[in-house]
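FYI, it's all coordinate maths here, none of it is from the lab. As the structure is a prediction and not an experimental result, all values here were calculated from the model. Cβ atoms come from the backbone with ideal geometry, glycine included; neighbour counts cover every protein chain shown.
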Amino acid sequence: MSASGGTRAIIAAFLANLGIAITKFIAWIFSGSSSMLAESVHSVADSGNQLLLMLGGRRARKAADAEHPFGYGRERYVYAFVVSIILFSVGGVFSLYEGVEKIANPHPLEVPWLPIAVLAIAIVLESLSLRTAVRESNHVRGDQGWVSFIRHSKQPELPVVLLEDIAALTGLVFAFLGVGLTILTGNPVWDGVGTIAIGVLLVVVAVILGIETKSLLVGEGANRADVERIRDAFNASTRVEALIHMKTLYLGPDELLVAAKVAVAKATRAEDIAIAIDQIEKEIRDAVPVARVIYIEPDIYRQPRSGAPPTDAIVIKGAD
C-alpha cells in the first residue's frame with residue numbers, strides 16, 4: 001500500500017507541476033514578473049524531482065547480484081538526496097539571484113492581471129496535489145505527528161512530495177503577495193522581494209530534505225517499537241537464555257536487516273539450535289514484516305569480568 005500510495009502522490013505532483021510550469025512560463029513571458037519566473041523554475045525543478053523519485057523507485061526494484069548482494073533498495077535514498085540538491089541549486093539559488101536582480105534593476109509589470117490569474121489557478125492545483133500526498137501519507141504514518149513522520153519515515157518519497165507541495169503552496173502565496181503589492185503600489189521592488197522570499201523558502205526546504213535523506217543514506221536502524229517486537233521474539237524462545245547483542249539496519253525502505261548473537265545452553269544440540277533459530281526468524285517476520293534479512297549467531301553467555309569495558313550486551317532473561 002505504501003509503495004503504490006507513494007507512486008500515486010508522485011504522479012499527482014508531477015502532473016500538477018508540469019501543467020503549472022507551462023502556465024507560469026506563459027505568464028512570465030507576457031508580464032515580466034520575476035516572481036513568476038522564479039515560480040516557473042521552481043515548478044520545472046519539482047517536475048524533474050518527481051521523475052527522479054520514480055526512477056529511484058524503479059531502480060530500487062532491481063534484483064540483488066554479486067556486486068550488490070543486499071540489493072538496490074537504497075537507490076530510493078540516493079535519488080531523494082539528489083532531489084534536495086536540485087531543489088537547493090536550481091530552485092532556491094536561482095530564485096535568490098533573480099530576486100536580487102529585480103530589486104537592483106526594477107521594471108514595471110506588463111499585463112498585471114495575467115500572473116494573478118495564473119497564481120490563483122496554480123494554488124488550486126497545488127492544493128489538490130497536496131491533498132493526494134496527505135491522503136496517501138495517512139495510510140502509513142499511523143499515529144505519528146506530521147513532523148515525526150517526515151523525520152523518521154524510511155520511505156523517502158512521501159515526505160519529499162509533502163515538503164515540495166507545502167513549499168510550492170507557500171511559494172505561490174509569496175509570489176501572489178509580491179505581484180499583488182507591485183500592482184497596488186506601482187513599485188516593482190515588491191516583485192523582487194517576493195522572489196527572494198521564494199528562494200529562501202526553497203533553500204530551507206532543500207536543507208531539511210538533505211539532512212533527513214543523509215541520515216537514511218548513512219544507515220538507520222529499526223524504531224523503538226520494532227526493536228521491542230524483535231526482542232520479544234527472542235524472549236519467547238525457550239531455547240534462548242539471553243540476547244547478547246543485536247543490530248538492525250534498513251537496507252532499503254521495505255527491507256530491514258537484523259543481526260543478533262544469542263546465548264543458548266551449553267548442552268543444546270545443533271539440531272535444536274537450528275529449529276529454535278528458524279522459529280525465531282518466523283516470529284520476527286510475523287511481528288515486523290520488513291525484517292526480511294535475519295542473521296542469528298548462537299553462543300554461550302559469559303558474565304563480563306569485573307572492571308571489563310562496557311559492551312552492548314542486552315540480557316533478556318537468565319538461564320533456566
For the pair Ala63 and Val218, how long in nm is the line joining their label points, each one 7 Å along Cα→Cβ? 3.5 nm
Would you please give the FRET efficiency between Asn187 and Trp113, computed as 1/(1 + (r/R0)^6) with r the Cβ-Cβ distance and R0 = 25 Å, to the nearest 0.05? 0.90
Computed FRET value (nearest 0.05) for Thr238 with Ala274, which takes r as the C-beta separation and R₀ as 22 Å: 0.90
TM-like helix rule applied to the chain (DSSP H, alpha carbon span at least 27 Å on the long axis, mean Kyte-Doolittle at least 0.0) gives 2-31, 34-60, 113-141, 157-185, 189-218
Cleavage-rule hits, GluC sites (Glu not before Pro), the stretch 76-165, DSSP coil, Cβ neighbours within 10 Å at most 13: Glu110
For mean projected area of the Cα convex hull in nm², which listed value, (i) 15.2; (ii) 22.4; (iii) 20.7, comes from the coordinates shown? (iii)
Give a quick list of GluC sites (Glu not before Pro) in the stretch 206-270 that DSSP marks as loop, anything other than H, G, I, E or B, with at most 15 other Cβ atoms within 10 Å. Glu220
Residues of the stretch 3-44 with amide N under 15 Å of the 7 Å Cα→Cβ point at His139: 3-13
Report the antiparallel proportion of the DSSP beta bridges in the chain as a percent, rounded to a multiple of 5. 55 percent
Looking at the stretch 9-95, which GluC sites (Glu not before Pro) are in a loop (DSSP not H, G, I, E or B) and have at most 11 other Cβ atoms within 10 Å? Glu67
Looking at the chain, identify the longest residue range that excludes and avoids all trypsin sites (Lys or Arg not before Pro) in DSSP loops having at most 15 other Cβ atoms within 10 Å. 63-265
